[in-house]
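Trainee: Can you read through this structure? Questions will come right after.
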Amino acid sequence: MRTIAVIGAGQMGTGIAQTVAANGMAVMLADIDLARAEAGKANVEKALVKLMGRGKIEASEAEALLARITPVADYTPFAEADLIIEAATEREEIKNAIFDAAGKVLHADSILSSNTSSIPITRMANHSPDPARFIGLHFFNPVPVMGLIEVIPGLATAQATTDRVTAFARGLGKEVVLSQDEPGFVVNRILLPMINEAVFLLGQGTAGIEDIDKGCRLGLNHPMGPLQLADFVGLDTCLDIINVLYRTTRDSKYRPAPLLVKYVEAGWLGRKSGRGFYDYTGESPVPTR
Ligand code: 3HC
């Protein structure tokens, strides 16, 4: 694959664009307008400046990487793309509208994919022009650092599509886990109940934020505790995913923790809003309870 299109210039979309460009491919980056796509590219530039400061990348390499990312105003140029990766907000109606629009320009040999965290691939494939060339391609945050990509074929996905995206993912230097199209796939099916349970523990006063996180960092050797990780992922995204698990399985073990719902209702969404379980407005994060 030589040219990749990424839809969504947020945390995941820009991480995907950076990683793809770092591996020598051309990337077209789109969002709801050109300004947002350009802002996404500017965020990649900021990440590269940090890496240069730490001696992890040469200036010439960073410049070449950035030159391979082209922000675009609409999907028309995506007719040139070998693979389109949707990495927009985790709402099915938003994603479906994107697939309807991107499907109109999709080249006859190209693949349409979704970076969804948990929404069924088989269902969303109905919004693509050819479900045999539609697949889940689930990256992890921060994309340039994390070593895994989940590949999720839907019921109608052709084996050739699975093989091509698996080769693409390995070409990015990532390991691949193949998952059936079941709620939450593999990793989020395990991660989200853990995060949700941590919020139940906090809500019922079993332990405070710092002790819950310390317990998992030191007791399980996780790099971040579950509440810190929830803030990192975004509490709205966590709630969206646990709700998908709850609604699709109808199993009460996935009911969202009431405190998680309250935080999202308060607009306390984690790092991106400046406050979640920790306050991020100062030098270093401070637990809020
Ligand atoms: N591009 C390239 N490299 C980057 C980078 C970027 N944008 N940002 C950071 N790095 C590199 C750094 O240079 C550093 O490299 P080094 O180890 O060679 O020096 C390394 O990544 C670690 O960065 P930092 O030193 O800044 O930070 P930490 O050591 O504190 O690690 C962390 C940060 C990697 C985020 C670590 O805390 C971690 O692994 N946390 C857990 C992350 C996780 O679980 N992610 C998955 C979330 S779930 C998900 O995404 C699925 C979704 O569907 C919900």
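The values are calculated or read from the model by the stated rules, or taken from the named source; none is laboratory data. Predicted model, so just to flag it, every value in this text is computed and none were measured. When we count neighbours, we look across all protein chains shown, and the Cβ atoms used for this are built from the backbone with ideal geometry, even at glycine. SASA here: full protein model, heavy atoms, side chains in, ligands and nucleic acids out. Shrake-Rupley method; radii C 1.70, N 1.55, O 1.52, S 1.80 Å.
Residue-wise test of (1) more than 19 Å from VAL143 (Cα to Cα); (2) in contact (Cβ under 8 Å) with a residue 24 or more places away in the chain.
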position: ALA30; (1), (2): no, yes
position: LEU34; (1), (2): yes, yes
position: VAL49; (1), (2): no, no
position: GLU63; (1), (2): yes, no
position: THR89; (1), (2): no, yes
position: LEU106; (1), (2): yes, yes
position: THR116; (1), (2): no, yes
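Trainee: For segment 195-212, give me the residue count where each residue is open to solvent by 30 Å² or more (accessible area, probe 1.4 Å) and of a type in the set (Val, Ile, Thr).
Mentor: The qualifying residues number 1.
Trainee: To continue, here is another question. Would you be able to say whether some residue in segment 224-243 is away from the ligand (no atom under 14 Å from the Cβ) and in a helix (DSSP H, G or I)?
Mentor: Step one: list which residues in segment 224-243 are away from the ligand (no atom under 14 Å from the Cβ), which gives none.
No.
Trainee: Additional query: Looking at segment 1-15, which of its residues are within 10 Å of ALA37 (Cα to Cα) and surrounded by fewer than 24 Cβ atoms within 10 Å (Cβ to Cβ)?
Mentor: Within segment 1-15, just GLY10 meets the criteria.
Trainee: How many residues does segment 161-186 contain that are farther than 20 Å from ARG123 by Cα and open to solvent by 40 Å² or more (accessible area, probe 1.4 Å)?
Mentor: The qualifying residues number 8.
Trainee: Give the residue, chosen from HIS127, HIS138, that is in contact with a Phe, Trp or Tyr (Cβ under 7 Å, 6 or more places away or on another chain) and open to solvent by 40 Å² or more (accessible area, probe 1.4 Å).
Mentor: Result of the check over HIS127, HIS138: HIS127.
Trainee: Can you pull out the residues in segment 111-149 that are within 16 Å of the ligand (Cβ to nearest atom), more than 27 Å from GLU80 (Cβ to Cβ) and of a type outside the set (A, V, I, L, M)?
Mentor: Answer for segment 111-149, where residues must be within 16 Å of the ligand (Cβ to nearest atom), more than 27 Å from GLU80 (Cβ to Cβ) and of a type outside the set (A, V, I, L, M): SER117, SER118, PRO120, PHE140, ASN141, PRO142, GLY147.
Trainee: Is it the case that some residue within segment 178-188 is outside any loop (DSSP other than H, G, I, E, B), within 11 Å of the ligand (Cβ to nearest atom) and over 19 Å from PRO285 (Cα atoms)? Step through it out loud before you land on a result.
Mentor: Filtering segment 178-188 for residues outside any loop (DSSP other than H, G, I, E, B) gives 178, 187-188.
If we keep only those that are within 11 Å of the ligand (Cβ to nearest atom) too, we end up with 187-188.
Of the ones still in play, those that are also over 19 Å from PRO285 (Cα atoms) are 187-188.
For segment 178-188, residues outside any loop (DSSP other than H, G, I, E, B), within 11 Å of the ligand (Cβ to nearest atom) and over 19 Å from PRO285 (Cα atoms): present.
Trainee: Additional query: Within segment 262-278, can you find the residues that are open to solvent by less than 50 Å² (accessible area, probe 1.4 Å) and either assigned to a loop (DSSP other than H, G, I, E, B) or not aliphatic (A, V, I, L, M) (or both)? Let's see the steps before the verdict.
Mentor: Taking segment 262-278 and keeping what is open to solvent by less than 50 Å² (accessible area, probe 1.4 Å), we get 263-264, 267, 269-270, 274, 276-278.
Within segment 262-278, TYR263, GLY267, LEU269, GLY270, GLY274, GLY276, PHE277, TYR278 qualify.
Trainee: Could you go through segment 195-214 and let me know if any residue there is assigned by TED's automatic domain parsing to the domain that holds ALA257, assigned to a helix (DSSP H, G or I), within 11 Å of the ligand (Cβ to nearest atom) and over 16 Å from the mean Cα position of the chain (by Cα).
Mentor: Yes, segment 195-214 contains a residue that is assigned by TED's automatic domain parsing to the domain that holds ALA257, assigned to a helix (DSSP H, G or I), within 11 Å of the ligand (Cβ to nearest atom) and over 16 Å from the mean Cα position of the chain (by Cα).
Trainee: For residues that are over 9 Å from PRO193 (Cα atoms) and open to solvent by 80 Å² or more (accessible area, probe 1.4 Å), tally how many sit in segment 244-254.
Mentor: Looking only at that region, the number is 3.
Trainee: Show me the strands (runs of 3 or more DSSP E) entirely contained within segment 1-110 in which 2 or more residues are in contact with a strand residue (DSSP E or B) (Cβ under 8 Å, 6 or more places away or on another chain) and within 16 Å of the ligand (Cβ to nearest atom). Spell out how you get there, then give the answer.
Mentor: Values: elements: 3-7, 26-30, 69-72, 83-86.
Those strands (runs of 3 or more DSSP E) span 26-30, 83-86.
Trainee: Tell me whether segment 163-186 contains one or more residues that are at pLDDT 95 or above, touching an Asp or Glu at 6+ places or on another chain (Cβ under 7 Å) and hydroxyl-bearing (Ser, Thr, Tyr).
Mentor: yes
Trainee: Hey, LEU192 hits all of (1) open to solvent by less than 40 Å² (accessible area, probe 1.4 Å); (2) of a type outside the set (D, E, K, R); (3) within 11 Å of the ligand (Cβ to nearest atom); (4) not in a helix (DSSP H, G or I) but one; which does it fall short on?
Mentor: It is condition (4) that LEU192 fails.
Trainee: Applying the selection to segment 217-233, what residues are open to solvent by 50 Å² or more (accessible area, probe 1.4 Å) and among the hydrophobic types (A, V, I, L, M, F, W, C)?
Mentor: LEU218, LEU220
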